[in-house]
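Rule-based calculations on the coordinates, nothing more; no lab input. All figures in this text were calculated on a predicted structure; none of them were measured in a lab. Here the Cβ is made from the backbone with ideal geometry for all residues, glycine too, and neighbour counts use every protein chain on show.
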Amino acid sequence: MSAYIVATYNVTNPEGLEAYGPKVGPTLQGHNVEVLVADHDSTAVEGSPAKTTVVLKFDDRDSAMAWYNSDAYQAIINLRTDNTEGSMVIVDGLPGSG
């Protein structure tokens, strides 16, 4: 069953986050991942969600965790976490949804 990483965050230090974008893409190589959403101006229709939303689709939870825990991603994760406030979760897709 497909699994998704959903990250939502607000940028607290735009200058500090600039280095993250060019470096995160290469960490995805070899992980059979599809970037479904990468929006830095999400429109709230309910509540007070963060402005940035990213959704990554993986084959399954193990694949999502393998990317998240990879040496390549862990080497740059601080570029995101030090310069944003938000959350990241791994969720399963619906059965039969791909």
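For GLU15 and ASN78, what does the FRET efficiency come to when R0 = 25 Å and r is the distance between their Cβ atoms, rounded to the nearest 0.05? Write out the running numbers ahead of the final one.
On the way: r = 15 Å, r/R0 = 0.59.
Between GLU15 and ASN78 the formula returns 0.95.
Across region 5-21, coupling constants 3J(HN,Hα) worked out from phi with the 6.51/-1.76/1.60 Karplus curve, θ = phi - 60°, read 9, 10, 10, 10, 7, 10, 7, 9, 9, x, 5, x, 7, 3, 6, 5, x Hz, and Gly and Pro carry x.
Once a ≥ b ≥ c are taken as the square roots of the eigenvalues of the Cα gyration tensor of the chain, is the result rounded (a/c under 1.5), prolate (a/b larger than b/c) or oblate (a/b not larger than b/c)?
oblate
Computed from phi, the 3J(HN,Hα) profile of region 59-66 under the Karplus parametrisation 6.51, -1.76, 1.60 (θ = phi - 60°) reads 4, 6, 4, 4, 5, 5, 5, 4 Hz, with x in place of Gly and Pro. Can you list the residues of region 23-43 with backbone N under 19 Å from a point 7 Å past the Cα of ASP71, pointing along Cα to Cβ? From region 23-43, the list is 23-32.
Exposure proxy for ILE90, ILE5: other Cβ atoms within 10 Å of each Cβ, ordered fewest to most, give ILE90, ILE5.
Using only alpha carbon pairs under 8 Å that are at least six residues apart, calculate the relative contact order of the chain and give it in whole percent.
Values: 169 pairs, mean separation 50.7, N = 98.
Answer for the chain is 52 percent.
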